[in-house]
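**Q** Right, I'll just put the structure down here and ask away after.
The values are calculated or read from the model by the stated rules, or taken from the named source; none is laboratory data. Keep in mind it's a predicted model, so treat the numbers as computed, not measured. Ideal geometry is used to build each Cβ from the backbone, glycine not excepted, and the neighbour counts take in all protein chains shown. Side chains are part of the model used for accessible areas, which takes the heavy atoms of the whole protein and leaves out ligands, DNA and RNA. Shrake-Rupley method; radii C 1.70, N 1.55, O 1.52, S 1.80 Å.
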Amino acid sequence: MPATATVRRTRPRGEVRRSQILDAATEVFLENGYGGATIDLVVERAGASKATVYSFFGGKEGLFAAIVEERVERILAAFGDPEVAHSDVLHALAHIARRYMEVVMAPDAVGFHRLIIAEGVRFPELARSFYQFGRDRTYAHLAGMLFVWRERGLIRLDDPQLAAVQFFDAVSGDLHRRAMAGIIPKNLRTAIQRSIDHAVQVFWNGIRVDRPGV
């Protein structure tokens, strides 16, 4: 083989098939709701077998949890980014906020959130998966970073866990609630950046060691 040849790296077949099934399941959930979605519909859409779906996910609840986890992994990737780990706190918060909004403001993510609101009471496993594999993991990761920054004397903060929840709520805020209702700004990218900039700066002003009046 020539020294200049490039070795093509491909994803394992099982990983590709799993991803295809998740894509199909996402469409089925959004089109039919959680109650109306069935494994048969996912199998038909994905061109897979029931045995394959069950071997990967164990059923409908497992499918939904896997979809939530996949989206959360995109957010959590920002926490492990060397650019974040070795940057100042303000820069790290802005980086995390951007990744968070990229994920939660995507049309399918907004659709899934609507699904939780509409069907979470009838299907408690739906809401449980959404928080256990989704939001709670995201909150916990930021809370851990806030704790470390506090221990290093970089910020002043009493309750990292509560602060993490409030940070993400401030970042998405009214913009996400409007998207849930189908109200999308004409220039969504600008609106998202404005929400991020404001939320990050206000949060930073509250935790910075040299904040005014302290």
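**Q** For the range 89-214, rounded, prolate or oblate, judged on the Cα gyration tensor with a ≥ b ≥ c (square roots of eigenvalues), a/c < 1.5 rounded, else prolate if a/b > b/c?
**A** Verdict is oblate for the range 89-214.
**Q** While we're here: Note down the nm distance, to one decimal, between modelled labels 7 Å out along Cα→Cβ at Asp136 and at Arg189.
**A** For the pair Asp136/Arg189, the computed spacing is 3.7 nm.
**Q** Continuing with the same structure: Compute the acute angle (0 to 90°) between the alpha-carbon long axis of helix 107-119 and the principal axis of greatest extent of the alpha-carbon atoms of the chain; round to the nearest 10°.
**A** Helix 107-119 sits at roughly 80 degrees to that axis.
**Q** Shape verdict for the range 169-211, please, from the Cα gyration tensor: rounded (a/c under 1.5), prolate (a/b greater than b/c) or oblate.
**A** Oblate.
**Q** Return the sequence-ordered ³J(HN,Hα) values of the range 127-143 in whole Hz as given by the Karplus equation 6.51 cos²θ - 1.76 cosθ + 1.60 applied to θ = phi - 60°, using x for Gly and Pro.
**A** Coupling constants for the range 127-143: 5, 4, 5, 4, 7, 5, 9, x, 4, 4, 5, 5, 4, 5, 5, 5, 4 Hz.
**Q** Rounded to the nearest 0.05, what FRET efficiency is calculated for Leu162 and Ala127 with R0 set to 25 Å and r the Cβ-Cβ distance?
**A** Calculated transfer efficiency: 0.75.
**Q** Can you tell me the 0 to 90 degree angle between the C-alpha axis of helix 188-207 and the longest principal axis of the chain, rounded to 10?
**A** For 188-207 against the chain, the angle is about 50 degrees.
**Q** Could you give the Stokes-Einstein D for the chain in µm² per second, using the C-alpha Kirkwood radius, 20 °C, 1.002 mPa s?
**A** 111 µm²/s
**Q** Still on this structure, please answer the following. So which trypsin sites (Lys or Arg not before Pro) in the range 152-214 are both in a DSSP loop and have at most 12 other Cβ atoms within 10 Å of their Cβ?
**A** Arg152, Lys186
**Q** If you roll a 1.4 Å probe over the heavy atoms of the protein chains, what accessible area per residue do you get for the chain, in Å²?
**A** 57 Å²
**Q** Can you tell me the orientation of helix 89-104 relative to the chain, as the angle in degrees between its alpha-carbon axis and the longest Cα principal axis, to the nearest 10?
**A** It works out to around 30 degrees.
**Q** Using a simple spin-label model with points 7 Å from Cα along the Cα→Cβ vector, what separation in nm is obtained for Glu102 and Trp204?
**A** Rounded to a tenth, the inter-label distance reads 1.9 nm.
**Q** Go ahead and collect, in residue order, the members of the range 12-41 whose backbone nitrogen is under 16 Å from a label point 7 Å along the Cα-Cβ direction of Ala118.
**A** 26-38
**Q** Taking springs between alpha-carbon atoms closer than 10 angstrom, which of Ile75, Ile117, Ile192 fluctuates most in the Gaussian network model of the chain?
**A** Taking springs between Cα atoms under 10 Å, the residue moving most is Ile117.
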